[in-house]
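Written below as structure tokens is the structure these notes are about.
The values are calculated or read from the model by the stated rules, or taken from the named source; none is laboratory data. Only a predicted model underlies this, so the values are computations on that prediction, with no experimental measurement involved. Note: areas computed on protein heavy atoms with side chains; ligands, DNA, RNA excluded. Shrake-Rupley method; radii C 1.70, N 1.55, O 1.52, S 1.80 Å.
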Amino acid sequence: MDTVGYTRAELEASRGRGVPDLLGRHTKLLFVGINPGLWTAAAQAHFAKRGNRFYPALHLAGLTDSVIDASAGFRPVDRQQLISRGIGITNLVNRATARADELDDQEIRLGAAELERRLLSIKPRVVVILGITAYRVAFNRPRASEGWQEDLGPSSLMVTGNPSGLNARQTVMSLAARFREAAQAAGVALT
């Protein structure tokens, strides 16, 4: 995919925009980000900013054939690869900000309630929330740690750290191990 860049004005124009969910008819494993960043909103593809560990970790976990580069948006082949494997992506809050800490607690809690309602129709086997701090706020679990949690609606629930390049506590390796574990529990075929 061609390298793309956005000007500061283009990124700021993306503030507040949403990003369409990536969902197929048979989503088994649903990744839930906190909210789109400005680059993600500009590209209209989840986890689009270079330096984000999400797609490298997916690949290392055996969930994709190659590392997806969503920095200029999804290529149809990448979108199809994820959907055909039963992998979906959404957000707790579908409003772009420069940083997740620009969201207030109430907005995160409302997003969590909406996610719970949506899970009744999506029915993934496993949900992975990508952000322990956001999970603690969203579901009023102040002492939660990463790993498996109580089920969320019809789905088993895992919480990991955020894959953003700003989160120094996560590595591609640590995320890949969690993603692989979640994929196996969801019945997603590994490469």
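Annotations
- Contact order normalised by residue count of region 56-191, Cα under 8 Å, 6+ apart, percent: 31 percent
- Accessible-area composition of region 1-149, carbon plus sulfur, in percent [1.4 Å probe]: 49 percent
- Protein heavy-atom accessible surface, 1.4 Å probe, per residue over region 112-157: 53 Å².
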